[in-house]
There are 2 protein chains.
Amino acid sequence: MTCHDFNKYKTWLFDLDGTLVDSSYAHRLAYHETLNNRTRQIISDFRYDDYKGWSTEEVFISLGFRDYTLETMIKIKQEYYRKYVTLGKISIFPGATELLETLVNTGRTVSIVTGSSRASATLALDYLGIRPMITDLVTTDDVKQGKPAPDLYRYALSKRITQPVVAVEDSLAGVYAAQNAQLPVVHVHYDSFLPGTIPIDSFDSIIEVL
Amino acid sequence: MTCHDFNKYKTWLFDLDGTLVDSSYAHRLAYHETLNNRTRQIISDFRYDDYKGWSTEEVFISLGFRDYTLETMIKIKQEYYRKYVTLGKISIFPGATELLETLVNTGRTVSIVTGSSRASATLALDYLGIRPMITDLVTTDDVKQGKPAPDLYRYALSKRITQPVVAVEDSLAGVYAAQNAQLPVVHVHYDSFLPGTIPIDSFDSIIEVL
């Protein structure tokens, strides 16, 4: 039971990772595997004799330490994460599917606003079976700056949507992004209370009052 | 004994690493230590929870994977190398000191043309005790492109020096750099014969004929 009037919100913008989908384990694995394997590969491929006479700068550039490394790391990490999604290493949070169903069945619009890539988000939505309930999907592919910048939420709000709007977020960066876009924020799966947010114990507490 | 007329050369441009100084071990150690420690440090410092809600790109940028990484790697590798120099992990090749002394004592000019940094080269010259015999020191700090580009040799040749000039090199990149600057090249410490070079067995074979 909660005292907040959740009924008034017509458009619900949900963050994905950490909010609807429990993907921390898969993301953590993907980052560690990328950092470990990519750098181990660089080290194991390295033969000093191939670079005799070269300047140190040219050796490291040749090994990929410049923009190239960043792009490669991103690509490899995303591939690892998507592999873990298909291997079933993510799950939907308790009550999330039911909340989305209740919202859609009571005439609300449900959209996703995520700092993830479009490919990763789509894969997760399909895997979790919640894609049919989603009206719009805003991802990091659509804007320049991810969360905590308000760009993702501003982009979602720039479309024709029904007011009032509420955001649902779990992370510090996500809450700031929504607040920076002047949105009320339902805060879920948090360890400590973030000022100005609407904290809830579980998705069920929202379903009860709709 | 050699059939080449080494006596005619008035200016001798010596490469440093692999030619006068046996520094492969120290350079190899420094690269491996940099690649291992730097990347291990990134991995051990990484806590996924600190980046929740962030885009993958912003996580890797924050971890230093962009231009920053290149600069850091170069700096750390140079520091490791200089540490190994002071720890005595480099040595001068047999006959090198004697050849430099003979050249200087017979009125030749001896200079260094190296793809190393000025700080590392100076440290090595001091450690090996050959700095007093060196007239000029051209390093990667002086030009944009290292070897095999001819820039280092062209820069050395742009100064007022007495012709004829000869280069002394060990590596493929070094030989190409000198040849690209239209210089005859004495090739030392090689595994296979490089076309167009003057191969020698040892520095002693030059000393004998001077």
- Does B:S158 satisfy the condition of being farther than 16 Å from A:G53 by Cα, at pLDDT 95 or above and touching a strand residue (DSSP E or B) at 6+ places or on another chain (Cβ under 9 Å)? no
- Query: Among the listed residues B:K89, B:K75, which satisfies the condition of being surrounded by fewer than 21 Cβ atoms within 10 Å (Cβ to Cβ) and without any contact (Cβ under 8 Å) to a residue 60 or more places away in the chain?
  - Reply: B:K75
- Message: I'd like to verify a number: residues in the range A:154-174 that are away from chain B (no Cβ under 13 Å), under 19 Å from A:I198 (Cβ atoms) and among the aliphatic types (A, V, I, L, M), how many?
- Response: 4
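Residue by residue, here is whether (1) in contact with a Gly (Cβ under 9 Å, 6 or more places away or on another chain); (2) β-branched (V, I, T); (3) buried (at least 17 other Cβ atoms within 10 Å of the Cβ); (4) in the same structural domain as A:F203 (by the TED database) holds:
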{"site": "A:C3", "(1), (2), (3), (4)": "no, no, no, no"}
{"site": "A:L16", "(1), (2), (3), (4)": "yes, no, yes, yes"}
{"site": "A:A30", "(1), (2), (3), (4)": "no, no, yes, no"}
{"site": "A:E33", "(1), (2), (3), (4)": "no, no, yes, no"}
{"site": "A:N37", "(1), (2), (3), (4)": "no, no, no, no"}
{"site": "A:R40", "(1), (2), (3), (4)": "no, no, no, no"}
{"site": "A:S44", "(1), (2), (3), (4)": "no, no, no, no"}
{"site": "A:R47", "(1), (2), (3), (4)": "no, no, no, no"}
- Query: Looking at the range A:92-127, which of the residues that are under 26 Å from B:E58 (Cα atoms) and free of Cβ contacts under 8 Å to residues at least 40 places away in the same chain is farthest from the chain's Cα centre (by Cα)?
  - Reply: A:D126
- Item | Entirely in the range B:27-114, the helices (runs of 4 or more DSSP H) that have 1 or more residues that are more than 30 Å from A:L152 (Cβ to Cβ) and facing chain A (nearest Cβ under 7 Å) | B:67-86
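The values are calculated or read from the model by the stated rules, or taken from the named source; none is laboratory data. Computed from a predicted structure; not experimentally measured. Cβ: placed from backbone, ideal geometry, glycine included. Neighbour counts: every protein chain shown.
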